Amino acid sequence: MNILTANLLFSTLAFWIAAKLYLLPRLGELKPATMLLPILLLHSFRHLGLMFLAPGATYAGIPAEFAYPAAFGDLLAALLAIAAIPAVARNMRGARLMVWLFSVEGTLDLLVAIALATYYAASTFMGPAYWIPAFWVPALLVTHYIAFLVLLKYWR
């Protein structure tokens, strides 16, 4: 196991423990928007995934087969999150569908990025952008899980 994989797993565990202690016990008490708006706001920063295309943020030689799908998948997730925020905040018709679209695309993007990073050994080229998969991706994975719980169990 490489160090990035260990960082990703341990960070995901830490975010899961925090969610289990502080968020999951309260899901039934809170309105869907109360849980989803902070998640959508967090994911609106996924434009930072464009760092994978920025010289200096990564080392020369980062595999394009990883960098481009990861960067643009994150950008799409950020745009979908931003688009869903006013719909959720105003409880507009279609808000639930927008959150579903965001959650499915955002989760698939993360899973594909993890697979591509592993397959193309991108971790050796991450450079300063290393914090994205080591810290940011675990937080995003756990919050996607929470969003799916809200969609499936608590938003009727």
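The values are calculated or read from the model by the stated rules, or taken from the named source; none is laboratory data. The shown structure was predicted, so the numbers you read here are calculated from the model rather than taken from an experiment. Cβ: placed from backbone, ideal geometry, glycine included. Neighbour counts: every protein chain shown.
Observations on the model:
- Within the stretch 42-51, the residues that satisfy the criterion of being touching a residue at least 40 places away in the same chain (Cβ under 8 Å), under 14 Å from LEU76 (Cβ atoms) and touching a helix residue (DSSP H, G or I) at 6+ places or on another chain (Cβ under 6 Å) are HIS43, SER44, ARG46, GLY49.
- When the stretch 115-141 is limited to residues that are aliphatic (A, V, I, L, M) and surrounded by fewer than 19 Cβ atoms within 10 Å (Cβ to Cβ), the one that is farthest from the chain's Cα centre (by Cα) turns out to be ALA121.
- In the stretch 130-153, the residues that are hydroxyl-bearing (Ser, Thr, Tyr) form no Cβ pair under 6 Å with any partner that is outside any helix (DSSP H, G or I) and at pLDDT 95 or above, whether six or more places apart or across chains.
- Residue that is surrounded by the most Cβ atoms within 10 Å (Cβ to Cβ) [pool: residues in the stretch 15-62 that are assigned to a helix (DSSP H, G or I) and of a type in the set (Lys, Arg)]: ARG46
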